[in-house]
Structures are given as C-alpha cells and as structure tokens.
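Scroll down for the structure; my scribbles are underneath it.
The values are calculated or read from the model by the stated rules, or taken from the named source; none is laboratory data. Not measured: the values here are computed from a predicted model. All Cβ positions, even for glycine, are placed from backbone atoms using ideal geometry, and neighbour counts span all protein chains on display.
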Ligand SMILES: Nc1ncnc2c1ncn2[C@@H]1O[C@H](COP(=O)(O)OP(=O)(O)OP(=O)(O)O)[C@@H](O)[C@H]1O
Ligand SMILES: [Mg+2]
C-alpha cells in the first residue's frame with residue numbers, strides 16, 4: 001500500500017510539488033533562523049561572560065550597584081585569600097581577579113612632551129600566572145594585530161585603532177593617568193608589546209590590557225581587585241549550577257550589612273543578559289510555532305484543493321469497500337512521506353545557508369552599538385545537533401496537521417451519494 | 001437456485017422539506033445466484049436508490065434486505081465496507097479510474113485492500129485484464145484509453161476480486177452503440193463463466209436486449225417482473 005501511495009505522490013505533481021515546495025521553504029527558514037539565533041545568542045553570551053560578567057562574579061555590594069562606572073574605590077580587599085577560598089569551596093569553577101579601570105593614555109614625543117592623549121578603557125587580567133586561561137578567554141592571541149603578548153611587568157597591549165590614531169609603535173612608552181583606590185592621582189608607564197583588535201566596538205575604541213599585578217601597583221590596589229570572576233571549567237555556562245553557587249556564597253553574608261561585603265552575581269544578573277537567555281531559549285520554540293501555524297494553514301488549503309481534485313478517487317475507494325478510517329490513514333501516510341521529503345530538502349538547503357553564515361558571518365559593522373553589552377560586529381550562525389533535526393518538527397507537523405484537517409471531510413462523506421456523485 | 005439477495009417489504013423514505021418523499025415503496029424481490037437482471041423505469045422511479053441499498057451504501061427505512069446472508073440494516077460501517085470489499089463490485093456510468101495509476105494498478109487496487117500477496121495480485125489482475133481483452137494495455141494510463149476501453153478496465157476492476165454480485169448503474173450511458181454491445185457481451189460472458197450475479201439500472205434499450213430478467217419500477221414500486229428465455233441474438237454474437 002505504501003508503495004502504491006508513493007507512486008501516486010511521485011506521478012502527481014499536484015500532490016507533491018506544491019506541498020514539498022511549501023514545506024521546504026518553511027523548513028529552510030526554520031533551520032536557518034534557528035542556526036542563526038543560536039549562533040548570535042551563544043556568541044553574545046560567551047563574549048559577555050569572557051570579557052565582562054564571568055559565569056559568576058564577586059564584587060562588593062557598593063561596587064555592584066555602580067558596576068558600570070568601574071568604581072575601584074569600592075573594590076574588594078584581600079582578594080588573594082578570597083580567590084583561594086573560592087577555589088576551595090567551588091572547585092568546579094576557575095576563579096580569577098580582574099580590574100577594570102578608566103584613564104587617560106598619554107603618548108610623549110622625543111622630548112618627553114605630550115604628543116597625543118586619549119581615553120582608555122583598561123582591562124587588568126591575570127596574564128602571567130602559570131596556568132591562567134585569561135588570555136585565551138579574552139581571545140587575545142588571535143586579536144593581536146602587531147607584536148606579542150606582554151611577557152613581563154610593565155608591558156601592555158593597546159587597541160590597534162588607538163595605536164594608529166596616535167601613531168604609537170611597538171616598544172613605545174605610553175603613560176596611563178588614572179586614579180588610585182583612595183582617589184589620588186596615579187600614573188604609570190607601559191611599554192607597548194602589541195596592538196589588538198577584537199572586532200567589538202566597546203573594546204576597539206581604546207582598550208589597554210595589562211597584567212593584574214601591574215594594575216594593582218599602578219592604581220595602589222595591593223591585594224585588591226574590582227571583580228573576582230568565576231568560570232565553569234567546562235567553559236559552558238550552567239545556569240542552575242551557577243544559581244546554587246551564588247546562593248551558597250551569598251548566604252554566608254546574609255546578616256552582614258557592610259556595603260563592602262562581597263556579593264556574588266550570575267551572568268543572568270548582569271548587563272541585562274537575563275532577557276537574552278530567556279529569549280534564546282524560547283526563540284526556537286516561538287519560531288517553530290509560527291512556522292507550524294503558517295505552514296499548516298497553507299497546507300490545509302492545498303489539502304482541501306487536493307481533496308476536491310481527488311473527490312472521485314476517494315468516492316471510488318469508499319465504494320470499493322475501503323474504510324473511511326483507512327482512507328484517512330492513507331492520506332496521513334502520504335502527508336508523512338511528503339513532509340519528510342520537504343523536510344529533508346529544506347534542511348539540506350537550510351544547512352548550506354547556515355554553514356555559509358557560520359563560516360563567513362554577517363558584518364553589521366557600525367550598526368552595532370552595544371552600550372555595556374559586549375557585541376561582535378560580525379554575527380555568525382552556529383550549526384549544532386539541533387540544526388539537523390529542528391526543521392523536521394515544523395515540516396512534518398504542519399503537513400500532517402494540514403492534511404488531517406482537510407482529510408476530515410472524508411468522514412462527512414455519505415456513501416449513499418456515491419452512485420450519484422460518480423455518475424457525472 | 002441459490003438465493004443471494006432477499007428483499008422484503010423494503011421502503012426508503014427521504015426527508016424533504018417538512019415531510020418525506022417515498023423513493024421505494026414496499027418492494028419485495030429475490031435474486032438468485034447468476035442472474036443477469038436489469039432495473040428499468042422512468043427517471044426518479046427508484047432504480048439507483050435500490051442499487052444503493054443492495055450495495056450497502058445506504059440503509060433501508062423499513063423492511064428487510066439480506067445480501068449474502070447479511071442484513072443490510074444491521075451492518076456497522078466497517079461491516080458494510082467489508083461486504084463491499086469482499087463480495088460486491090461496482091460499475092459506474094463514468095469510469096472513474098484513478099488517473100495517476102496504470103491500468104494494471106487501477107485493477108490491482110481492489111486486491112491491495114484485501115492484503116493479497118504481490119504474486120497473487122499480479123496473476124489475478126492479468127487474468128481480469130484478459131477477461132476484458134486489455135492485457136496489452138496493462139501499462140497504459142487512463143488518459144490514453146478510449147471510453148469503451150476505460151469502461152472495460154472498470155469492469156476488470158470490479159471483477160478482479162471475483163465478487164458474488166456486480167452492481168452497475170447506467171454502465172453504457174456514456175458509450176456508443178458498438179462499445180455498449182462490446183462491454184455487455186463481456187459482462188454476459190463473465191456472468192456465464194463465473195456465475196457472477198449482475199444487476200443493472202438502465203434506460204438503455206441495448207442493455208435490455210441482453211437481460212434475462214427485467215424488473216420495472218414506477219414511483220418506487222415494482223410494477224412488472226418478467227423473465228426472458230436465453231436470446232438467440234446473444235448466442236450469435238458470443
Ligand atoms: N438523498 C435524497 N434525498 C431526497 N430525495 C432523494 C434522494 N435520493 C433520491 N431521491 C429521490 O428519490 C427518487 C428516486 O431516485 P433515484 O435516483 O433512485 O431514481 P432513478 O430511478 O435512479 O432515476 P434516474 O433514471 O434519473 O437515475 C427521486 O425522485 C429522487 O429525487
Ligand atoms: Mg439513477
């Protein structure tokens with residue numbers, strides 16, 4: 001019987017071409033969108049985690065309230081022992097100190113007079129400790145345009161844009177003017193070890209990256225840091241596990257009303273990422289629902305048209321003693337076959353397009369203005385296991401639903417009318 | 001003779017407007033195995049309605065109709081489908097072949113419903129096509145056939161499962177004289193070779209000339225029921 005049905009489908013373009021076309025378009029879009037959103041969301045979340053929020057972050061309560069302003073006068077103290085504590089208590093995460101600071105970067109001429117000045121966004125991370133993964137997290141090596149990683153204290157990386165704008169070369173000295181933890185003036189010289197470009201406007205405008213110990217001495221922050229970040233060793237953000245760690249940690253300071261008491265926040269709690277996480281989780285579902293809905297309506301109608309065209313065929317089959325149930329079932333089987341064919345075709349097309357968007361990406365350039373949120377300028381799709389099967393859900397479901405709805409007419413058909421209906 | 005259809009006090013009423021229209025009125029008939037019988041009468045006399053009920057496509061309003069020992073009024077949908085599938089063949093005024101399937105596949109369909117194995121199906125289909133003289137058209141599509149050939153395929157489709165009864169409503173209405181005679185001779189031969197009971201509803205004089213029994217209906221009543229001895233005419237033609 002299946003063979004018989006498949007022959008019918010193959011020979012009757014009305015039965016196959018239009019539905020397969022509709023399905024493969026819908027499936028193509030589902031697959032492409034799902035890969036695209038999965039890529040964009042996961043890139044954004046990864047970037048934010050690596051550059052800004054960590055999977056978990058410890059700050060003082062006061063710092064957390066104004067975290068946007070990087071208020072280092074409210075920084076955590078005795079961070080050495082805090083990090084050691086955290087490593088012990090939550091060994092599933094990697095804990096590391098960071099200082100973010102603002103300041104003025106000054107470039108001197110041969111006589112030592114100011115040649116150029118610009119605002120700098122400073123990142124002090126652990127570059128020198130053996131086993132530190134900070135350089136890898138911040139993707140520094142691939143971002144280096146010229147030069148190399150700082151290899152010793154007193155060296156820095158600066159943004160390539162900045163270096164070009166002010167004609168700073170490798171080995172040149174730049175002076176960072178900032179404020180110490182107690183609000184005093186600070187300045188420190190750094191030798192430019194390399195220049196970097198991350199492809200993220202927030203960083204590329206004027207970043208300076210130095211080792212954490214250099215920043216601690218320059219800013220008078222011995223054994224202090226603005227933030228302690230935790231990253232799961234799996235590199236994957238685990239929402240529920242992060243919540244457990246956060247709850248356990250914060251419980252210890254529940255009854256402490258010191259505004260300098262440490263406070264732990266999850267990635268969700270920072271930079272407005274909660275909405276993005278919710279959105280990223282519901283996006284596939286929403287899209288699939290929309291496609292199922294839209295395609296079902298179209299396929300319902302093509303099914304109704306098909307039912308009209310095949311009115312005599314169904315009549316004969318009923319007269320010949322095929323049960324309505326069985327006739328209906330054979331329509332469903334046809335729709336599964338067509339749904340599968342359309343899904344395979346649509347998935348193949350969607351995967352090809354997604355692969356292109358994964359490898360090449362789309363450059364949104366200056367259109368991306370993320371504020372404090374980290375956003376790349378080039379967005380990419382991400383092909384995962386889901387990309388391969390997600391299209392089959394709307395593809396099959398809408399075809400079967402559409403055909404089932406239109407096929408219900410079979411049950412209303414009166415056998416008593418068959419002789420009359422089949423005589424014209 | 002073995003009785004295969006028994007009709008006792010059959011009435012069929014259709015609701016029309018506020019009242020009812022009586023399409024069949026206290027009909028009493030019996031049919032034996034191997035009959036070649038026609039229902040004749042003016043338009044609206046109830047011929048199709050009677051075929052519908054015998055074919056278990058419709059139910060009686062009152063009275064008793066027994067086909068092959070089964071009471072039509074008491075069959076479930078599944079049981080009446082089963083009765084049609086196994087024991088009844090239908091031939092319509094228009095041929096109603098499945099356009100995307102070959103002649104072979106059109107005839108084979110009835111056997112697919114019976115879950116017969118492929119080899120048996122093939123044998124039965126080729127035999128049925130031989131009965132109607134269309135073995136050479138097995139792989140043709142309906143669109144490539146003439147009207148007469150199409151109706152012969154429809155006969156093969158009805159006959160392939162060797163049903164006890166074939167019901168045909170105006171089978172010659174769309175055919176010219178030559179093709180009408182051809183398919184009537186085919187059916188008469190099958191009637192004689194396989195002892196299949198044929199029951200026609202017809203206006204066609206050509207059909208009547210082949211019939212062995214003519215039942216005349218008028219306003220839903222049987223007004224005449226005559227049996228005719230074998231025609232010399234047919235013998236000379238077959
Ligand atoms: N479903 C129905 N509802 C109402 N009246 C019906 C219905 N089916 C048939 N009738 C009526 O019953 C009568 C008999 O109809 P039937 O179709 O059996 O006639 P017929 O003898 O086959 O006529 P024809 O030679 O024109 O085919 C007609 O008057 C018809 O209008
Ligand atoms: Mg009629």
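Annotations for the structure displayed:
- Residue ID - farthest from the other protein chains (Cβ to nearest Cβ), chosen from residues in the stretch B:35-57 that are buried (at least 21 other Cβ atoms within 10 Å of the Cβ), near ligand 1 (Cβ under 8 Å from one of its atoms) and on the phi > 0 side of the Ramachandran plot: B:41
- Exactly one residue among B:130, B:105, B:120, B:149 is closer than 18 Å to residue B:180 by Cβ and without any contact (Cβ under 8 Å) to a residue 24 or more places away in the chain, and that residue is B:149.
Results for (1) outside any helix (DSSP H, G or I); (2) more than 14 Å from every other protein chain (Cβ to nearest Cβ), shown as yes or no for each residue.
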| site | (1), (2) |
| --- | --- |
| A:249 | no, yes |
| A:259 | yes, yes |
| A:282 | no, yes |
| A:290 | no, yes |
| A:295 | no, yes |
| A:300 | no, yes |
| A:307 | no, yes |
| A:312 | no, no |
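- Taking helices (runs of 4 or more DSSP H) as the structural unit, those lying wholly within the stretch B:40-155 and holding at least 1 residues that are touching a helix residue (DSSP H, G or I) at 6+ places or on another chain (Cβ under 6 Å) correspond to B:47-54, B:103-112, B:118-131.
- If the condition is being outside any helix (DSSP H, G or I) and over 20 Å from residue B:106 (Cβ atoms), then the stretch B:173-189 contributes B:173, B:176.
- Any hit, the stretch B:4-11, residues being away from ligand 1 (no atom under 16 Å from the Cβ), within 13 Å of chain A (Cβ to nearest Cβ) and assigned to a strand (DSSP E or B): no
- Test: residue A:348 is more than 14 Å from chain B (Cβ to nearest Cβ) and either without any contact (Cβ under 8 Å) to a residue 12 or more places away in the chain or out of contact with any helix residue (DSSP H, G or I) (no Cβ under 9 Å at 6 or more places or on another chain) (or both): yes
- Picking from residues in the stretch B:65-86 that are touching a residue at least 60 places away in the same chain (Cβ under 8 Å) and more than 9 Å from every other protein chain (Cβ to nearest Cβ), the one that is farthest from residue B:33 (Cα to Cα) is B:65.
- Residue within the stretch A:386-407 that is in the same structural domain as residue A:28 (by TED's automatic domain parsing), touching a strand residue (DSSP E or B) at 6+ places or on another chain (Cβ under 8 Å) and buried (at least 16 other Cβ atoms within 10 Å of the Cβ) present: no
- Filtered residues of the stretch B:38-64 (kept if away from ligand 2 (no atom under 16 Å from the Cβ) and either free of Cβ contacts under 8 Å to residues at least 24 places away in the same chain or within 13 Å of the chain's Cα centre (by Cα) (or both)): B:56, B:59
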